[in-house]
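To keep things clear, I will list the structure first and then write my remarks on it.
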């Protein structure tokens, strides 16, 4: 996974002529999220310095691409698409990717609260500076006012992405695949299941409802080579994910 790290963001497209700034990198972070993990760069945990730096680069890439983002200041949420070079349906924001930007931040908040501190590094400093101008490299315990201020700033920032989705959803709450980069009107597939799923998971993470851990805490080193093998252990049926009643 670390071979995709460029030094400033996660490159999702190493050979296709694009910048590689891509929603798949944020989706990767929220899908590797382990509520019992630390802010580990190895698996790009949501609160990790590299995942946060990538979040900034990815979302910033749409600030000048979509007219709908014009005039939105740095550090405020913007409509986000798949990647800035996208031409499908003329290249627009997607509901699911805008919600994914929120979900990563809700995941990070959960992790910081569980860990009991926030660590700002030189890698993640630019992300924090955008939303909390007093941010500086260091570790801030949950007992400090700085910790509380940063948590509140990140939550407000994340809520901004959800507010964008709310503003461009249909009057009946219907979510399509995309919304127009200039007018904000819904486009492409109607009632896209993934759009609804993205809303539900973002809402659950905001409310502190998280998936079961998968063992990221013990997956913080990468072997020098891969080989086939087997493991002996105790296995159980999968746990049904939390969610609204059907």
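Since every read-out is calculated from the coordinates, none of them should be taken as a lab result. Everything numeric in this text was worked out from a predicted model, so none of it was measured. Backbone-built Cβ (ideal geometry, glycine too); neighbour counts: all protein chains shown.
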>> Let me spell it out: the conditions are (1) crowded, with 17+ Cβ neighbours inside 10 Å; (2) over 12 Å from residue 52 (Cα atoms); (3) touching a strand residue (DSSP E or B) at 6+ places or on another chain (Cβ under 7 Å), and residue 141 meets all of them except one. Which number is the exception?
In response: (1)
>> I'm trying to understand the selection: among the residues of segment 184-220, which are in contact (Cβ under 8 Å) with a residue 60 or more places away in the chain, over 22 Å from residue 237 (Cβ atoms), buried (at least 17 other Cβ atoms within 10 Å of the Cβ) and under 19 Å from the mean Cα position of the chain (by Cα)?
In response: 195, 198, 199, 202, 205, 206
> If only one of 63, 50 is over 15 Å from residue 153 (Cα atoms) and part of a helix (DSSP H, G or I), which one is it?
Replying inline: 50
> Quick one: is residue 25 outside any loop (DSSP other than H, G, I, E, B), without any contact (Cβ under 8 Å) to a residue 40 or more places away in the chain, in contact with a helix residue (DSSP H, G or I) (Cβ under 6 Å, 6 or more places away or on another chain) and surrounded by 21 or more Cβ atoms within 10 Å (Cβ to Cβ)?
Replying inline: yes
>> So, in segment 126-183, how many residues would count as being in a helix (DSSP H, G or I), under 22 Å from the mean Cα position of the chain (by Cα) and more than 22 Å from residue 89 (Cβ to Cβ)?
In response: 22
> Looking at (1) in a loop (DSSP other than H, G, I, E, B); (2) touching a residue at least 60 places away in the same chain (Cβ under 8 Å), can you tell me which one residue 72 breaks?
Replying inline: (2)
>> Tell me the residue from 48, 61 that is under 17 Å from the mean Cα position of the chain (by Cα) and buried (at least 24 other Cβ atoms within 10 Å of the Cβ), please.
In response: 48
